[in-house]
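Take a look at the structure set out below.
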């Protein structure tokens, strides 16, 4: 009987190992070609953990079956550091500011933050959330601010001039935004900078409020381009969120309808994001300046979206992050990372922080980048404005 159960476990282990392998490979496949691919990528942390359980179980049992999961886990090891990172070098040096001491050059602090319309509908159940966001942003002294789901209404304090005038010591005097009219105000995306913005533009997507904007910023003597992206949202209804919050393994008609509705919305969002990210990637490929991509991509690090938009860029979390990388506030699943700062390899990543503040359903991401002297100069000298 024990031998029979062990064989059943091996079959289950093989199945889960194959699912993990499919999850690891899923970013290579466009959701338009294989619709199940993004769902496999979404399952990566869960599949990695359950395969790790099998490795431990077979190791304790002294069975060679441990290599079933171990071999596949090794193929996915590169993806693991996109979700969790232990800064071993920092621990060895025991210096809180070790990253900045390693590099010399011009320092740029850049923030990306989905502010969820500054708590317009009281999602945070905190009447001071909007002011809390502004005070928090002001305290960071970031050089470039990239906001998604930005909302401004003329009669409120959260006008477009609120942030430039409210910061110190150097105001963010330069900004660019792309808005649509919504609920008596303007809803969209905005980039603020302490440094002059030389050029700006938008990459528009069809049939959606989501958009990507870019700004060419004069940073010292060099020009850099910052993309601020908000890719396709899932647009769940309140009933969808209520269903997920009270999820039960039942088979009632109502639960089945909700599950189908959630699946169809996720599938549609994956398809739209695959088109949107290809547009952005083509735009980045034509850019002659060092590039930084910020924003809410609405996709995890094991996804087609992440693979395409990262391209040759550096994921700042894998370079300087600490602990778990999650940026979306899901209480029972601390692996949901959908907000990113990706930088040109010319930049050195000194620091990366994700403060856990409660004002939005997203957490902000703050990176400190170092531009070594002369490197960007040689990269874009021909294209610098006269």
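Just a few scattered comments:
- Condition check for residue 222: modelled with pLDDT of 90 or more, surrounded by 14 or more Cβ atoms within 10 Å (Cβ to Cβ), in contact with a helix residue (DSSP H, G or I) (Cβ under 6 Å, 6 or more places away or on another chain) and farther than 14 Å from residue 117 by Cα: yes
- Subset tally (residues that are more than 27 Å from residue 271 (Cβ to Cβ) and in contact with a helix residue (DSSP H, G or I) (Cβ under 9 Å, 6 or more places away or on another chain)) for segment 191-208: 1
- Selection over segment 35-54 of residues that are more than 22 Å from the chain's Cα centre (by Cα) and either within 18 Å of residue 264 (Cβ to Cβ) or not in a helix (DSSP H, G or I) (or both) gives a count of 0.
- Residues considered: 23, 69. Of these, the only one that is more than 22 Å from residue 324 (Cα to Cα) and either at pLDDT 95 or above or surrounded by 15 or more Cβ atoms within 10 Å (Cβ to Cβ) (or both) is 69.
- Among residues of segment 1-17 that are closer than 14 Å to residue 67 by Cα, those with a beta-carbon under 7 Å from a residue that is outside any helix (DSSP H, G or I) and modelled with pLDDT under 95 at least six positions away or on a different chain give the pairs 10/65; 13/65.
The values are calculated or read from the model by the stated rules, or taken from the named source; none is laboratory data. Everything numeric here is computed off the predicted structure, so don't read it as measured data. FYI the Cβ positions are ideal-geometry reconstructions off the backbone, even for glycines, and counts take in every protein chain you see.
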